[in-house]
Amino acid sequence: MLVVSYDFEESGPRTKFSKFLKKFGRKMQYSVFEIKNSQRVLKNILSEVELKYKKQFTGSDSIVIIPICEACEKKMVRYGYAKNEEEDVIVFK
């Protein structure tokens, strides 16, 4: 898993980056995404940052990509909505 956190001063790049990340994972918090990791996904994200966003950075913009190993992922503690998001849901009609 990857955790991607970002902060852009301008709303335009912030919105575009958020929409880009939605292709790969789900939003955990306002500017934090949880992404199921694969080398291809990581490569796509890094390429997009390098080609599109890095050159637009102002002094206060940032993107942080944190890889979480499988063992550490199992140790994660979730509460509230974050916990419910991981639970299987069965719907009866």
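The values are calculated or read from the model by the stated rules, or taken from the named source; none is laboratory data. These figures come from a predicted structure and were not determined experimentally. Using ideal geometry, Cβ is built from the backbone for each residue, glycine included, and neighbour counts are taken over all protein chains shown.
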Within the stretch 18-30, count every residue that is of a type in the set (A, V, I, L, M, F, W, C) and in a loop (DSSP other than H, G, I, E, B).
-> 1
Inter-residue pairs, beta-carbon under 6 Å, first within 30 Å of residue 10 (Cβ to Cβ) and in the stretch 63-81, second part of a helix (DSSP H, G or I) and hydrophobic (A, V, I, L, M, F, W, C), 6+ apart = 63/49
Inside the stretch 48-73, can you point out the residues that are hydroxyl-bearing (Ser, Thr, Tyr) and either more than 17 Å from residue 18 (Cβ to Cβ) or assigned to a loop (DSSP other than H, G, I, E, B) (or both)?
-> 58, 60
From (1) out of contact with any helix residue (DSSP H, G or I) (no Cβ under 7 Å at 6 or more places or on another chain); (2) outside any loop (DSSP other than H, G, I, E, B), pick out the condition that doesn't hold for residue 33.
-> (1)
Among the listed residues 50, 70, which satisfies the condition of being at pLDDT 85 or above, surrounded by fewer than 10 Cβ atoms within 10 Å (Cβ to Cβ) and over 15 Å from the mean Cα position of the chain (by Cα)?
-> 70
Residue that is surrounded by the most Cβ atoms within 10 Å (Cβ to Cβ) [pool: residues in the stretch 1-15 that are in a helix (DSSP H, G or I) and either without any contact (Cβ under 8 Å) to a residue 24 or more places away in the chain or hydroxyl-bearing (Ser, Thr, Tyr) (or both)] = 14
